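> Attaching a single structure in structure tokens format; questions to follow.
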Amino acid sequence: MVGIRDVAEAAGVSVSTVSQVVTGKRPVSAATRARVEAEITRLGYRAHPGAVQLRGGRTGTIALIVPTLENPFYPLVAAGMQDILVPHDILLTITDSSGMDRSSKAIHRLLSRRVDAMVAAPWGLPEASLDDLRAAGVPFVTLGKEPPGGGDFVHTDDVSGARVITTHLIERGRRRIAFLGGEEPLIPTQQRLEGYRAALQAAGHPLRDDDVVFAEYTREGGRTGAAILLDRDDRPDAIVAANDLIAIGVLDTARARSLRVPDDLALTGYDDIDAASLVSPPLTTILNPAREIGRACARLLLERLDGEATDVARAIALSTRLVVRDSS
């Protein structure tokens, strides 16, 4: 299938220029327009229906695409977006799209419904789908990392957060610290693993491959991964979990093996969801400001929609914070 990037390369222009020709949102020189239109005809490129429909005006709807609705972090992002969008009489629609194929289909469905803008997690999003958004002239913001091809994004420093919380365990005298991550290819997993390793190296601790286990970003993933780590003869005396749900699963497995947290096993989470302070013992974790992330995304999109932003892509970095509780 011919995509907007193919047209751009053939015409010798940027993707945004092809988008401007398709949507008519900004003026393009007659010579450039003719060249782009000639390549569109030659290649048989068909713009997504949303690209043309958006000429008709805004619909007052913004979409949020997340990997899962089971992780409480993402509903908090949605709540933050609502804080900003509701006073502007803008409706937020949320869709769960786990996996690249579902993400692509979700974007196409949302485009056909003429949403004004989107927020999405970039992992699992095919670059061609982002090109479709650019072609349709639909502003978008990604969570956690700059999107392929460039664009606005809002992020926190996961590398630093994981380094801080691992250093906390080292300072508490823990010697064999394991890392229990989510799915290995995901950006948060890789960034938090990098921070964990950086802290160990800085303290002169050895890096052991068998101290790193990957599971899912779920409570069940934590149970399964913890069983691998805790059933060894040389089990760790601390576990850095890549999020709070994983850490809660570790608590389940430790309790089933009569291990006391933190006496026998220190444990940390990440994100500081509400449940982190409610489990026993309460989790030491990194506060990842989900609600403020949502607010920042919504503000960026409103500025784009109102024409207040420049064409330069913008990155907003928000701070994390170590929250020390009884599990470490």
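The values are calculated or read from the model by the stated rules, or taken from the named source; none is laboratory data. Keep in mind it's a predicted model, so treat the numbers as computed, not measured. Side chains included, ligands, DNA and RNA excluded: accessible areas come from the protein's heavy atoms. Shrake-Rupley method; radii C 1.70, N 1.55, O 1.52, S 1.80 Å.
> May I ask you to give the solvent-accessible area per residue for region 261-306, in square angstrom, as obtained with a 1.4 angstrom probe?
32 Å²
> Counting alpha carbon pairs within less than 8 Å and at least 6 residues apart, what relative contact order, in whole percent, applies to the chain?
Working: 650 pairs, mean separation 57.7, N = 328.
Value for the chain: 18 percent.
> Same structure again: Roughly how many percent of the accessible protein surface of the chain is carbon and sulfur, given a 1.4 Å probe and a whole-percent answer? Don't skip to the end; give the middle numbers.
On the way: 7220 of 14510 Å².
Answer for the chain: carbon and sulfur cover 50 percent of the accessible area.
> Another one. By the gyration tensor of its Cα atoms, with a ≥ b ≥ c the square roots of the eigenvalues, what is the shape of the chain: rounded for a/c under 1.5, prolate for a/b over b/c, or oblate?
On the way: a/c = 2.70, a/b = 2.26, b/c = 1.20.
Verdict is prolate for the chain.
> Rounded to the nearest 5, what % of DSSP beta bridges with both residues in the chain are antiparallel?
Working: 3 of 35 bridges.
Taking every DSSP beta bridge with both residues in the chain, the antiparallel ones total about 10 percent.
> A further question follows. What residues have an amide H closer than 5 Å to that of N243, excluding those fewer than 5 places away on the same chain, when H is modeled at 1.01 Å from N in the peptide plane?
Those qualifying (amide H under 5 Å, at least 5 residues apart or on another chain) are Y270.
> How much of D237 can a 1.4 Å solvent probe reach, expressed as accessible area in Å² and rounded to 10?
Its accessible surface works out to 40 Å², give or take rounding.
> So how much slack lies between D274 and E70, counting 0.36 nm per residue of separation and subtracting their Cα-Cα distance, in nm? Numbers along the way, then the final one.
Details: separation 204, 0.36 × 204 = 73.44 nm, distance 1.35 nm.
Length gained between D274 and E70: 72.1 nm.
> Which value at 222 nm does the chain reach when only helices count, each DSSP H run of 4 or more adding -39,500 (n - 2.57), with the total divided by all residues and rounded to the nearest 500 deg cm²/dmol?
Values: 12 runs with 142 residues, N = 328.
It comes out at -13500 deg cm²/dmol, rounded to the nearest 500.
> If you count only protein heavy atoms and use a 1.4 Å probe, how large is the accessible surface of H205, to the nearest 10 Å²?
That residue has around 20 Å² of solvent-accessible surface.
> Can you tell which of T166, T156, T59 shows the greatest fluctuation in a Gaussian network model of the chain with Cα springs below 10 Å?
T59
> Moving on to the next point. Taking amide H positions as placed 1.01 Å from N in the peptide plane, with prolines and chain starts having none, which residues 5 or more places from T61, or on another chain, fall under 5 Å of its amide H?
L91, D116
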